[in-house]
Amino acid sequence: MRTIIMNCEVCQLKELEVEHFEIREVLRCILHTIVFHRALGLVRPKDVDLELFEITYVQCGDVEVEKKIDEKIDHFISWVEKHPNKKSQICLSFYEVKSKQPSWFTNKTERLYWEQWYLNLNVTQHPKSHLGKSHHSKVVIDPGDSGASEERSSRRAAVEASLREVLFQIIKFVNEKKDHVPPISEGVIYFPYEITIPRKFQ
């Protein structure tokens, strides 16, 4: 299959500085929000409240979409654990698959990318943070000194504010950028998409 990137709209989302235990919730929130806003057909919207932040986002209510996104997040978390304190980038790409004119020997298809979203994360390790089980985004709070607790609360509020900015950035982009979206085929609910991880910056 040949890959072509022409007239592809690109959205670079604001970089988020997160801790390890926040990765899963943050990525679920962003990736599901993008996929939901690019859904075409009949979906069953499902509101999801984040456990770590006072934010509610919407999923498509599709088990296969949830599974695909969770698998990619698992891969990303594994990469982060092997490359601590590295900035990284996840790309969510939407594309069309088109068949080329078949020849005697081949029946080739082309993958035409028409939109790409870059999620930029800086995963930091803070010694005062107590990590819970990353698979469930739980936080273990140490009732120790109040200074550390206030610092955690302040940092959490900053991450929440940045995450809200990213969500507004997504909504603004999908509302303003429409001309490049391919024609809708009858019966199609989702455009084909892929999630690639990660890109590392020195």
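The values are calculated or read from the model by the stated rules, or taken from the named source; none is laboratory data. Quick caveat, the model's predicted, so the values are computed rather than measured. FYI the Cβ positions are ideal-geometry reconstructions off the backbone, even for glycines, and counts take in every protein chain you see. Accessible surface areas use protein heavy atoms only, side chains included; no ligands, DNA or RNA. Shrake-Rupley method; radii C 1.70, N 1.55, O 1.52, S 1.80 Å.
Here each label is just a point 7 Å from Cα along the line to Cβ, and for Q12 and L167 those points are 2.5 nm apart.
For the residue pairs K98/K178; K14/K178; K68/K172; K14/K72, the alpha carbons lie more than 23 Å apart in K68/K172. For I184, the solvent-accessible surface computed with a 1.4 Å probe is close to 110 Å², ligands and nucleic acids excluded.
Largest accessible area first, the residues S78, S162, S88 order themselves as S78, S162, S88 under a 1.4 Å probe with ligands, DNA and RNA left out. Using a probe of 1.4 Å on the protein chains alone, the accessible area found for D47 is around 110 Å². Ordered from highest to lowest accessible area with the whole protein assembly present and a 1.4 Å probe, E17, E150, E22 read as E150, E17, E22.
If you sort V58, V97, V26 by accessible surface, 1.4 Å probe, largest first, the order is V97, V58, V26.
Give the cross-link partners of K67 among the aspartates and glutamates, using a straight C-alpha distance below 20 Å as the criterion and excluding same-chain residues fewer than 8 apart. Once the sequence-local aspartates and glutamates are set aside, what remains near K67 is E22, E25, D47, D49, E51, E194. Summing charges over neighbours of F94, with a neighbour being any other residue whose Cβ is under 11 Å away from its Cβ, gives -2 when K and R count +1 and D and E count -1.
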